[in-house]
Structures are given as C-alpha cells and as structure tokens.
Amino acid sequence: MSSRLKQLSLLVLIGAVLVSGSLIAAQDTVTRALSPGVTATSQLEGDNITQVFTVSASSGQSVNVTVTTEAGATLALVMTDSTGAALGQAAASAADEAVTLENITIPASGTYFVTVFNASGLPTAAIGFDITLEVGSAEATVEAPIEGQLLTATGLSFELSWDTVANLDLEVRDPVGGSLFWETPSVTSGGTFSANANGSCTTLSQTASEQATWPAGAVPAGSYEMIVYFQQQADCPNSSPANLTLTVTLDSEQVSEVSATIQPDQIYLASVVVNTDGTVDAGVNGVKINPPSITGLALTSPVALTQNTAVTGILTAQQPYVAYGFAAQAGDVISVQMDANSGSLDTLLLLVDPNGNIIDSNDDREVGNTNSLISNFSVILAGNYTVVATRYGQALGGTEGNYTLTLNGAVTTPTSTGTATANIQAPVFDTVPRGSVEVSLQWSSNADIQLLVRDPQGNPIYDGVPTSPIGGAIASSGNDNCVLAPDGAPLTYIYWPEGRLPTAGPYEIEVLYQSNCNDTTPVQFVLTVVANGQVVLQQNEPLQVDQRYVISYNIALDGTIEVGEGGVFGTKQRPDAASLLTDVVTELPTAPILANGTPVTGSIRLTNKFDVYTFVGSAGQVVTLGLERLNGTLDPVVFLIGPGGDQITQNDDASAETNNSAINNFILPVDGQYTVIATHFGGQYGVTAGDYRLTLRLN
C-alpha cells in the first residue's frame, strides 16, 4: 500500500472513530482507566476492533500516551473529550512501530478518552499491545489571580437577606486578605460591615439583612468570597430552614444574585471575581462540604514531593487544588505544612492513602492562623500517598493566592528549656509500654492523685477518658478511687506509643489531689515527661488535698520541646487568680468597662492569657457573669475581684455538662469598682486558647 493510500485509510478510520462521539458508543466498548507510569496490556481482534481507555487530568496538564506492539500491525491513536471532539491523533508509519500522542494540553479538568485501533484495516487475528500514560504538572499554565484595583463611582456592596428570625451571619473576604464580619467590621482595603442582624434575642427581624460595603473610589480587583453561617443559639432557638439571597452590587448595578435554602449549622459559600475592566464573573456556590471530599478530583498524576524540599504553587477559581505524591513505608512518621504567601488564600490540606481514603486533614494550624499543618502522621500502610493542597471550601471557595508546601519527616529530636534535666535519668517502668512521649506521676502514699494531659486539640487523657483521638492513652491509674497499687508504689502513666509521635503544639498537665484515702501522709509527687528517651521535664512538688498543680510543655515543628511555667492553681472548688494578679494590676488603668447586659468578645492565647474588665457596683446588687467559649480549645475560668483587690468569687465550670464558666446571682458586698478576669484553666500556667464571649448582668 502506498503511503498516500495508507494516510487516506487512517483518516477514514479516524473519521469513523469521531462520528457521533466515537465508535465507543457504537460498540458499547468497556473502557479502562490509565494510570500514569503504569503499563496496561490489551488486544484488538475481530469482535473488538477498537480498545478505549480513559484519562483523568486537570486543566493545563500535558499528556503523553504511547502504544507498542509486536504483532506485525500498524496501530493508531486518537484522543477525544466527552463530546467526541478530538484533541490529538497519531499513527505508526510502519508495522510494530511505537506510536505516541505527544504533549496534548488538557483544556479543562475531567475525563478524556484514548482509542486504539489498527491503521492497516480491520484485524484478522488478535493484536496484542501495551499502552502507557505520562502526565505533567499543570502548575506552570495556571493564570495568576487578578491583581490591581477598580475605580468605582458608587462603590461595591454585598448583601445577605433572609426570611426568618434565625441568626445568619455574613462574612466577605476580599482579594487582599481582608475579612469583613460583625466581629471585624472594617478592613484595610476600605470595606465596612453593617450591624449584626438577629445576633441578639432582644431584637429579631423576619426580614433581616447584613451588608459588607466598599465606598466609592478604588476597590481591590479579584476574587471575593461570601460565607453565610447559620448559627444556632441556645437562648434563641431557630431550627427551621432559612431562605437566603446573596446580592452583589457594583456602581449601583446588581451584578450577581444567588438564592438558596440553608439548614441550621450549615455554611453556604459563593464568590465573584471583580475584574479591572469593571466586569464581574460569578463563581460556583453551594453548601460547604463537611467533612472535605476528594470526589471528582483528578489524583492520578500527582506532582512528586521530596522530603524537606519546599514546593510552590498557586490556587485560583480555575485551579482550586493541586495534587502531590510521595512514597512511604509502614512506620514512617511524616508532617506536611502549607503556608499562604499572597492574596486571600485560606489553605486546606488533605492526606490520601494508597486506597484513595482521606486519612488526615487540616484547615487551620491553630486559632487565628489559617495556614495548614498535618503533623506527625504515623504511616501504617506502605505505598503511594497523595497530598491535596486546596483551600477552605475547596471548589466552592473563593480565596486565591500563592503558597509554599513542605513534606517533612517526624519530630524526633526533642531538647528542653525551662527545666534543668540534662543529668536526670529517664525512669523505666516494667508494667507499662514504652512510648515516644511518656508522662509519669509517682508518689509514696495511699492518696488518690489524678494525672490529666490535655493535647493541642483540647482532648483530655485521664482515668475517666483513657484514650485520645490523636493517639495518647493511659496505661496506669495509680490509686484511682482509693484502689491501692499492689506494690505500694502508685504510678499514673500516660503515653503516646512508639512509632506514633504526638502532634506538635501545647500540652497541658494537671495533677489533682482527689482524696487522701484515709492516709494523712504528706504528698510529694514527682512528675516526669520523657520524649524519645530523654527527660524534658521533671517536677518534685508538695500537694495538699483538693489542690491542682498545672504545668505545660510545647512541641515545636522542629522537634524541640519547651517547658512552660508551673504552679498550684488553687483547689478543685476554688481556682486561684494569684498567678495573674500582678499583671492584672498593671492593666487595670486601661481596662474596658463592662456594660450591663451587653456582651463583649475577646481572645485568650499563649501570648495573652487573660483579659481584664471593670464595672461599678453597689452593696446588695446581684451580679451574674457568663464566660462562654466561642471556638478553639479554650477552657474558660472567670474571677471576680473586689474593690479591695481580693478575690471574692470565681467559677471554672458552670455545670458538669459544660466547660463554660458562670458566676450566678452573687450579692456584691460593698460599693466600688469591681474587676473581672477572663482567663483559661490554669491561669498563668494554662495553655488552652480560643475566643470567648463575656456577659455581665447587674440587678
């Protein structure tokens, strides 16, 4: 056959493949998925004159497909999208010659079809062949987020309206990292927020609305994310769905409108892109997926990660995620961190195992830090793992920007500061398992001394809660409930198993003298923390019945362990503010004044362990104070200090069902200025953190 005839024959066959979306539908051929770097084997024969394979790829990725045979045939390839439109075609020029579709650029994320057939004509005998797929990274082809400003005549506004007395809240995040919300009513880009509608049960509206507005003049161009939260309130029940409308107005013209129904505790997301030429593109919208999902993501061709080598990437509306891959062996301990470098990006990390299951994830590294960290994950199943670098809301999100991603090994080299431990030998106990981190408590009496460790996620481990979701466990409980240790040497022991290092972050330790169990011998306890065989903390302290000793240690990302300050935090019945009072006196002159019935909000952090407020009261007045955790791990404690500077009442837990604090119906003893301390369990020695709401009611 001449080359001209062969070329005409190939074109005829390719044309046949493309007719009506390809021969796939005509023959009802079963497709097979191709995986990058994995060779698939198949054959053509009389009943199967074509073989069809699928390729999952992301927008901008470069794809190569190669077919080889030794059956004396001349094979051809064609690649089509789901509509049958061809992206590329190729044929061998001689029998048994390899044929490759090279550098096919994927126009949009999705599934594509590769059809293999005999360019010489219909096969008369079976033709075996091998086919392989290579997929390149799409990072270089992604367009950067829009940068710059748009000059407006009347400004830009976002409005949320709804049709019930429910407490819905609007948050709008601008392209430069600002976040407008009722708690943050202004941002540096010029935006301001309206009043919090239906946020208080005293004034409710069935036609409520909230607005985020940028005035006339320059506004940031780029992606704006709208978040609607359906907040449930215990004192203002609202369990019915709400119909919401999100409206975007630019220069007095409505440019986008979304209507939807939202259920209690759901989060609804929408976005728009404001272009520098004044046009506006609406993004996708919908209820936020919780927990995160990888359904529909193309994860078959991840970008290779090398341990301890940072990679950079970009996330936009066109590319809301990038997949990375690495190989791991059973017993490996790995950490992955993702940091936003520009724009408004709010990162989210997903870790996917070789079977395609999400086995770990992280949105915010800690309260107030929207970067992401998966720390000290212990690998059980050997194989290829995938890290999905994405953003809050995933495809529904609207934040964009550049990021840095790093794969690290385990946190394995602890050192200590704050306590002299260099010459202390780590204790060894024959009755309990060894751990990567071991916390032990020893004493020499019949007393019941409880040891509790609270991890960075706020999970407590003690005799009442023997395990933690992140791996810690209690293996010995001393003289719990006055059941005496058989050898007369009580030991309480909490550990994280070897091979599974605990998460980085602050750990809080509480030692509580619960009962003397009819033994009046003075108690002197020894508290020891051992990490990887090294003593990083050891305290030898006396303790009285009902007293609570609190101390902490912090595991940093680089593996160093820093020991915090420790001390007695009063008793179980009466927490003691003594550790805070010196600093409280310093802050009193500038302390905010509490208004009767008006809640205030604040934050407790490792760098801000208490806030101080004042109010003026009269003898005989009845005061109620409520301190409520809004988020994070915060374990609130509230103190009331009298005009003479003495602690006159306090509360740790308002009831057995809550960690929130409340001082109820306390009668003020004298006239004068009273001081309120909003803090966390442990006072100066505690490490729980989060935002709070404080309310004073004075009658």
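Identify, please: which residue in segment 146-190 is without any contact (Cβ under 8 Å) to a residue 24 or more places away in the chain and in contact with a strand residue (DSSP E or B) (Cβ under 7 Å, 6 or more places away or on another chain) and is, among those, farthest from Ser344 (Cα to Cα)?
Looking at the filtered set, the residue picked out is Pro185.
Give the residue that is surrounded by the most Cβ atoms within 10 Å (Cβ to Cβ), with candidates limited to residues of segment 583-627 that are of a type in the set (S, T, N, Q) and farther than 29 Å from Glu366 by Cα.
Only one residue tops the list, namely Thr614.
Residues to consider are Val437, Val453; find the one that is farther than 12 Å from Val536 by Cβ, at pLDDT 90 or above, within 37 Å of the chain's Cα centre (by Cα) and among the hydrophobic types (A, V, I, L, M, F, W, C).
That would be Val453, the only listed residue that is farther than 12 Å from Val536 by Cβ, at pLDDT 90 or above, within 37 Å of the chain's Cα centre (by Cα) and among the hydrophobic types (A, V, I, L, M, F, W, C).
With at pLDDT below 90, of a type outside the set (A, V, I, L, M, F, W, C), surrounded by 15 or more Cβ atoms within 10 Å (Cβ to Cβ) and within 20 Å of Val687 (Cβ to Cβ) as the only criterion, which of Gly570, Gly559, Gly499, Gly564 stands out?
That would be Gly559, the only listed residue that is at pLDDT below 90, of a type outside the set (A, V, I, L, M, F, W, C), surrounded by 15 or more Cβ atoms within 10 Å (Cβ to Cβ) and within 20 Å of Val687 (Cβ to Cβ).
Would you please name the residue that is nearest to Pro636 (Cα to Cα), looking only at residues in segment 679-695 that are of a type outside the set (Val, Ile, Thr) and surrounded by 23 or more Cβ atoms within 10 Å (Cβ to Cβ)?
Looking at residues that are of a type outside the set (Val, Ile, Thr) and surrounded by 23 or more Cβ atoms within 10 Å (Cβ to Cβ), I get His680.
Please tell me if Val165 is among the hydrophobic types (A, V, I, L, M, F, W, C), part of a loop (DSSP other than H, G, I, E, B) and within 22 Å of Thr245 (Cα to Cα).
yes
Name the single residue that is nearest to Thr520 (Cα to Cα) among those in segment 427-467 being of a type in the set (Ser, Thr, Tyr) and crowded, with 21+ Cβ neighbours inside 10 Å.
That would be Ser440.
Yes/no per residue for (1) at pLDDT below 95; (2) outside the structural domain of Val600 (by TED's automatic domain parsing); (3) touching a Phe, Trp or Tyr at 6+ places or on another chain (Cβ under 9 Å):
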position: Thr188; (1), (2), (3): yes, yes, no
position: Gly199; (1), (2), (3): yes, yes, yes
position: Ala212; (1), (2), (3): no, yes, yes
position: Tyr224; (1), (2), (3): no, yes, yes
position: Ala242; (1), (2), (3): yes, yes, yes
position: Leu246; (1), (2), (3): no, yes, yes
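Can you name every residue in segment 264-286 that is assigned to a strand (DSSP E or B) and without any contact (Cβ under 8 Å) to a residue 40 or more places away in the chain?
Val280, Asp281, Ala282, listed by residue number.
When residues of segment 73-123 are filtered for being at pLDDT below 85, not polar (S, T, N, Q) and not in a loop (DSSP other than H, G, I, E, B), how many remain?
So the count comes out to 1.
Restricting the first residue to segment 64-89 and requiring it to be of a type in the set (Asp, Glu), which pairs with a second residue that is assigned to a loop (DSSP other than H, G, I, E, B) meet a Cβ separation below 9 Å and a spacing of at least six or different chains?
So the pair list comes out as Glu70/Asp96; Asp81/Pro107; Asp81/Ala108.
Which condition breaks for Leu696 when tested against (1) under 19 Å from Thr590 (Cα atoms); (2) out of contact with any helix residue (DSSP H, G or I) (no Cβ under 8 Å at 6 or more places or on another chain); (3) in contact (Cβ under 8 Å) with a residue 40 or more places away in the chain; (4) not in a strand (DSSP E or B)?
Answer for Leu696: the failing condition is (4).
From Ser344, Ser252, grab the single residue that is touching a residue at least 40 places away in the same chain (Cβ under 8 Å), out of contact with any strand residue (DSSP E or B) (no Cβ under 8 Å at 6 or more places or on another chain) and either more than 20 Å from Arg173 (Cβ to Cβ) or buried (at least 20 other Cβ atoms within 10 Å of the Cβ) (or both).
On the way: Ser344 fails: out of contact with any strand residue (DSSP E or B) (no Cβ under 8 Å at 6 or more places or on another chain).
Answer to the check: Ser252.
Looking at Thr679, Thr675, Thr649, which is the one that is within 31 Å of the chain's Cα centre (by Cα), β-branched (Val, Ile, Thr) and part of a strand (DSSP E or B)?
On the way: Thr675 fails: within 31 Å of the chain's Cα centre (by Cα); Thr649 fails: within 31 Å of the chain's Cα centre (by Cα).
The unique qualifying residue is Thr679.
In segment 45-72, which residues are hydroxyl-bearing (Ser, Thr, Tyr) and in a strand (DSSP E or B)?
Thr50, Thr54, Ser56, Ser62, Thr66, Thr68
Kindly provide the set of residues from segment 538-553 that are within 25 Å of Leu606 (Cα to Cα), of a type outside the set (Ser, Thr, Tyr) and touching a Phe, Trp or Tyr at 6+ places or on another chain (Cβ under 7 Å), ordered by number.
Hits for segment 538-553 are Glu541, Gln547, Arg548, Val550, Ile551.
So, Ser93, is that one surrounded by fewer than 22 Cβ atoms within 10 Å (Cβ to Cβ) and more than 29 Å from Leu345 (Cβ to Cβ) or not? Steps first, please.
Values: surrounded by fewer than 22 Cβ atoms within 10 Å (Cβ to Cβ): yes; more than 29 Å from Leu345 (Cβ to Cβ): yes.
Here the answer is yes, as Ser93 does meet what is asked.
The values are calculated or read from the model by the stated rules, or taken from the named source; none is laboratory data. Quick caveat: nothing in here was measured; it's all calculated off a predicted structure. A quick note on method: Cβ atoms are made from the backbone with ideal geometry, for glycine too, and the neighbour counts reach across all protein chains shown.
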